[in-house]
Amino acid sequence: MKCVAILGGGPAGSFAAAQLASAGLSVRLFDEKLAWEKPCGGGLTYKAYSQYPFLLDNPTPKREVRETVLAAPNAGEVTLKLDEPLLIYSRFDLNRLLLERAERAGAQIEKARVLSMARSAFGWQLRTSAGTASADFCIVATGARNPLRDVGTQLHAEDTMSALGYYVPGTQARIDIQFLPHLEGYIWVFPRCGHLSVGICGKGEAAGSLRRRLELYMTQHDISWKDATFYSHLLPSLDASSWRGNRVSGDGWIAVGDAAGLVDPITGEGLYYAMRSGDLAARTILEDACAPAGLPAAYRALLRGDFAGDLEFGSRLAKRVFLGRFLLGSVPARMVQFTRRSPRFAAIIQDLFSGKQPYLGLKRRLLRNLNGSLYDIGMSVGFSRMVPRKDPA
Ligand SMILES: Cc1cc2nc3c(=O)[nH]c(=O)nc-3n(C[C@H](O)[C@H](O)[C@H](O)COP(=O)(O)OP(=O)(O)OC[C@H]3O[C@@H](n4cnc5c(N)ncnc54)[C@H](O)[C@@H]3O)c2cc1C
């Protein structure tokens, strides 16, 4: 294999390009926009920057957020301190950082839209807005709205969330997360460099209805959307039944990032999985380049062993997390209450946020800590009853 074409230069494509080019392969990356402000929170978890430290150690502007406020109906709110901060980038800056890294490694970066791809005995023929190109192998990194119908994940309605919101002037130190009644999704207020991103994601609900929920929240929290910029995009959120047949690779191609549906079905985190799948795709190609027929299966196995198995398990939990009931209350309400009352439970939620706690193994850890958490809760309830409340002066 001599030449690899990468279709799409978001985090997934540019990461794969850097790895392949630095190993000496000839890499051509095509993106119709190159660096751009894709609708996205731009939040990177500890899981991402601990594995790829250059994401932390670079001069590109970014925010470090160390506090999240979780709120749910009938449960109030709780402040969760983040021992491992969340990094927040502008997507323009993050994309540019990753594209420049790929270019420095030797990849040829081209601003062009890929219009079609055709397979022949000699490899791929691509038609782009700038002309034609040929390649021995293709990496499909065209995102959630992948226009290339024959390659990448086939997203059905049950495999997606709508995500929409406003960029609002303002600043705050924390992230706000608000759970809502009867919604498989949530509202966020994200402090970004220079503005707030106030948005909502939800599964199985029309975008118009999500927008009304968001605007009601903004009204209640005194956040004006007048003169704010509106954004909306699609978020892959694969149904539990879709993972097995998920089309992540085929004859002569591998899909990465959103184009392969690789997004956390509960949180919507996709940046880490985009970069990680780009890394795994590159590894598969470099290790198995002499036997291209085995590449699709090798990539599927590597992906599953690395993180796709965990995301698949997450998709089985998603409905229970947002819509389930526990001890006569909703799961989000119990989560907020338990986080407030039990340091042990709060530590688990914090590890979920940072990515230290995978979904596989979560139940075991919750059960192992159940007695301790209930003890914490009992103590905090009992203690607050024993201490007489001070009357406000
Ligand atoms: C509202 C919202 C908030 C989010 N917040 C977060 C967050 O805080 N943290 C997080 O981890 N994840 C977040 N995500 C998810 C994250 O944005 C995606 O998972 C991530 O961008 C996926 O990267 P990617 O490279 O696979 O795709 P993309 O970033 O979508 O990149 C695809 C690239 O392909 C190019 N392209 C498409 N078609 C063609 C074509 N035919 N020819 C040439 N180029 C093409 C596009 O121009 C684009 O640059 C959020 C998503 C949404 C919608």
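Which Cα, out of A5, F353, V78, lies furthest along the positive dipole direction of the chain (beta carbon charges, K/R +1, D/E -1)?
Comparing the listed Cα positions along the dipole, V78 ranks first.
Along the Cα-to-Cβ line of K33, 7 Å from the Cα, sits a label point; which residues in the stretch 219-238 have backbone N less than 20 Å from it?
228-237
Just in the stretch 98-202: which trypsin sites (Lys or Arg not before Pro) are loop by DSSP and have at most 13 other Cβ atoms within 10 Å?
R145, R149
Can you give me the Cα centroid spacing of the stretch 1-67 and the stretch 109-178 in angstrom?
Spelled out, the Cα-based centre of one part sits 14 Å from the other.
If you put +1 on each Lys and Arg Cβ and -1 on each Asp and Glu Cβ, how big is the dipole of the chain around its Cα centre, in Debye rounded to 20?
840 debye
With a 1.4 Å probe and all protein chains kept in place, how do W188, W225 rank by accessible area, largest first?
W225, W188
Suppose the chain between N58 and L328 were pulled fully straight at 0.36 nm per residue; how much longer would it get relative to their current alpha carbon spacing?
Gain in length upon complete extension: 92.4 nm.
Quick one: if you stick a label point 7 Å off each Cα along the C-beta vector at L370 and Q220, how many nm between them?
3.2 nm
Output ³J(HN,Hα) for the stretch 228-236: one whole-Hz value per residue in order, computed from phi by the Karplus curve 6.51 cos²θ - 1.76 cosθ + 1.60 with θ = phi - 60°, and x for Gly and Pro.
Computed from phi, the couplings for the stretch 228-236 are 7, 8, 8, 9, 8, 7, 9, 10, x Hz.
Please label the shape of the stretch 84-170 as rounded, prolate or oblate, based on the square roots a ≥ b ≥ c of the eigenvalues of the alpha-carbon gyration tensor (a/c under 1.5 means rounded; beyond that, a/b larger than b/c means prolate, else oblate).
oblate
Reachable lysines from K33, Cα under 21 Å, same-chain residues fewer than 8 places away excluded?
Answer for K33, where 21 Å is the Cα cut-off: K111, listed by chain and number.
State the extension gain, in nm to one decimal, for the chain segment bounded by C193 and S134, taking 0.36 nm per residue of separation less the distance between their alpha-carbons.
Gain on extension, C193 to S134, equals 17.2 nm.
Which of the peptides 49-59, 199-209 is most tightly packed, and how do the rest follow, going by the mean number of other Cβ atoms within 10 Å of each residue?
199-209, 49-59
How far is it, in nm, from the label point at V69 to the one at E287 when both lie 7 Å from their Cα along the line to the Cβ?
4.6 nm
Magnitude of the Cβ-charge dipole of the stretch 94-167, K/R +1 and D/E -1, about the Cα centre, nearest 20 debye?
In debye, rounded to 20, the stretch 94-167 gives about 240.
Is there a quick way to get the dipole size of the stretch 196-281? I mean about its Cα centre, with the Cβ of Lys and Arg at +1 and of Asp and Glu at -1; what is the value in debye to the nearest 20?
200 debye
The values are calculated or read from the model by the stated rules, or taken from the named source; none is laboratory data. Predicted, not measured: the structure shown is a model, and the values here were computed from it. Cβ sites come from the backbone with ideal geometry, for glycine too, and all protein chains shown count toward neighbours. When the accessible area is computed, the model is the full protein with side chains, heavy atoms only, and any ligands, DNA or RNA have been set aside. Shrake-Rupley method; radii C 1.70, N 1.55, O 1.52, S 1.80 Å.
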